[in-house]
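The next block holds one structure in the form of structure tokens; read it before the comments.
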Amino acid sequence: MPLTDQRPSAVSAALAKDRLGVPSVVFFVVSAAAPLMVVAGSVPTAYAVTGVIGVPFGFLLLGAIFALFAVGYVTMARHVVNAGAFYAYAAQGLGKTAGVATAWVALLAYNALQLGLYGIIGSGAEPLLRDWFGASPPWWVIGLFAWGLTGLLGLLRVDINGKVLSVLLVSEIAVVLLFDLGDLLNAAPSGISFEGFNPGALFVTGVGAALATVVAGFAGIESSVVFAEESKDRRRTVPVATYLGIGIIAILYSFSAWAQTVPTGPDGIVRAATDQGPLLVFNQAATHMGAFVSTLGSVLFVTSSLACMIAFHNTTARYIFALGRENVLPSVFGRTSARTAAPVTGSLLQTALGLIVITVYAISGADPVTKLFFTFGAFGGLGLLTLLTVTSIAVIAFFSRNPAGETAWRTRIAPVLSIVALSVIIGMTLINFDTVLGVPSDSAIRWILPGIFPVAIVFGVVWARVLKATRPEVYANIGLGAQAVGGGAK
């Protein structure tokens, strides 16, 4: 058989090129942020737990901070292309040992964010099935269905995943805006108030807990760079998708958080959120627009969970692939499918971990929402904040050695400002981590969970030094991506 007719090996050093345009990458970014899940879950929780009515302004503030972070992030993307973005940036900016340590934090954070979603999708679907059929299987049966679908999609072409997410996401955002319209057309007797956009309504006692509760709504904004290898015209696609994703998330969340206060008035939103919790949005929809619209929203809440699951599954599988390709993880994880170019082994690992988590929680009888979704989500969110901060530091270090003609704003000023802002948010999150988890202030878990990350960092440092001593050729290629296979460091 002529060489030109041979099919590519199932062990590939690179992901598929030119399969994702700006819209597809935006769908991955915004789907990971799960708009309806945040609007129905995180926003009422922030109002109820903190009593802070400045949540709408909080979303705008966080959007500005993440946009500031993105300046250095997307600038780095023009010079470092790797599916393990945080890991690669840390390796090339702060050194290979720091890169491996960052990789372990990224794996923990992304796995936690993805696996925790199996708890919420089952609990969200149970009431619907009970209303429709008079009975419902337990949450873990529904979780297994979502697990199987997510695992299957993870083995298919990345653009197919993007098309699935586009349908789910457009429907989800449409119903969120429909809910918002219903709220605006049914204002409280006192009239429409814009107090939620007043900075003074945010910077009160409880501001730390409010920001810590809603910050997870921006999870996924970093995933645009993860798909850079598979993007068309990545120098344009990555920055446009990143800023567009951040803008959509910040404006949509801020507007929707404010809209929820319109029917109750700013003085009544805390009580309404406390009494109704995540049902507040759907109850308002049922009152203003009828039961059908409310039910439609509940259905899309479930699909929102599924879309978020698919997005994080794909992102995590690509991190695992990036580490396997460079032999930081076993090389089997650096394999892609010859037919679909999907990171098949990393995807299968994600699927296996999902089955283990669902099985353990099903057997233990632990509450899937509070003990799986919220706990894993809070843990993963803290990990992401840590990764964003480390990445900003890495950007400064990288460009101090490689100016590459980039401006001081992109390589120093914006990254420094983002480090300061992100560090403040991390501090607030740690101070209020008991609130985020929904546990007593003296609960040990509020310190145990954050303490896992320093342990992972130490493990990563030790593993990097082991690689340097025993496999120097692997250590030399850390953070180089496809270059590590195509010739490596010279």
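The values are calculated or read from the model by the stated rules, or taken from the named source; none is laboratory data. Remember, it's a predicted structure, so these values are computed and weren't measured experimentally. Every residue, glycine among them, receives a Cβ derived from its backbone with ideal geometry; neighbour counts consider all protein chains shown. Accessible surface areas use protein heavy atoms only, side chains included; no ligands, DNA or RNA. Shrake-Rupley method; radii C 1.70, N 1.55, O 1.52, S 1.80 Å.
Given (1) surrounded by 15 or more Cβ atoms within 10 Å (Cβ to Cβ); (2) under 20 Å from the mean Cα position of the chain (by Cα); (3) closer than 24 Å to residue 206 by Cβ, where does residue 423 come up short, assuming only one miss?
The failed condition is (1).
I'm told residue 327 meets every condition in (1) farther than 17 Å from residue 480 by Cα; (2) outside any helix (DSSP H, G or I) except one. Can you identify the failing condition by its number?
Looking at each condition in turn, residue 327 falls short on (1).
Of all residues in the range 253-276 being surrounded by fewer than 16 Cβ atoms within 10 Å (Cβ to Cβ) and not polar (S, T, N, Q), which is farthest from residue 168 (Cα to Cα)?
Here the residue is 267.
In the set 404, 469, 421, which member is at positive phi and hydrophobic (A, V, I, L, M, F, W, C)?
404
Where in the range 391-489 are there helices (runs of 4 or more DSSP H), lying fully within it, with 2 or more residues that are aromatic (Phe, Trp, Tyr)?
In the range 391-489, 445-470 are the helices (runs of 4 or more DSSP H) which contain 2 or more residues that are aromatic (Phe, Trp, Tyr).
All but one of (1) open to solvent by 20 Å² or more (accessible area, probe 1.4 Å); (2) modelled with pLDDT of 80 or more hold for residue 250, so report the exception by its number.
Going through the list (1) open to solvent by 20 Å² or more (accessible area, probe 1.4 Å); (2) modelled with pLDDT of 80 or more, residue 250 breaks only (1).
Answer yes or no as to whether residue 145 is within 20 Å of residue 414 (Cα to Cα), in a helix (DSSP H, G or I) and among the aromatic types (Phe, Trp, Tyr).
No; evaluated as a whole, the condition is false for this residue.
Consider the range 372-391. How many of its residues are open to solvent by less than 10 Å² (accessible area, probe 1.4 Å) and either among the β-branched types (Val, Ile, Thr) or at pLDDT 95 or above (or both)?
Of the residues in that region, 1 qualify.
Yes or no, residue by residue, for (1) modelled with pLDDT under 85; (2) of a type in the set (A, V, I, L, M, F, W, C); (3) assigned to a helix (DSSP H, G or I); (4) open to solvent by 10 Å² or more (accessible area, probe 1.4 Å):
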position: 288; (1), (2), (3), (4): no, no, yes, yes
position: 339; (1), (2), (3), (4): yes, no, no, yes
position: 342; (1), (2), (3), (4): yes, yes, no, no
position: 348; (1), (2), (3), (4): no, yes, yes, yes
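Among the residues that make up the range 78-86, is at least one of them open to solvent by 10 Å² or more (accessible area, probe 1.4 Å), within 23 Å of residue 307 (Cα to Cα) and within 19 Å of the chain's Cα centre (by Cα)?
No, the range 78-86 has no match at all.
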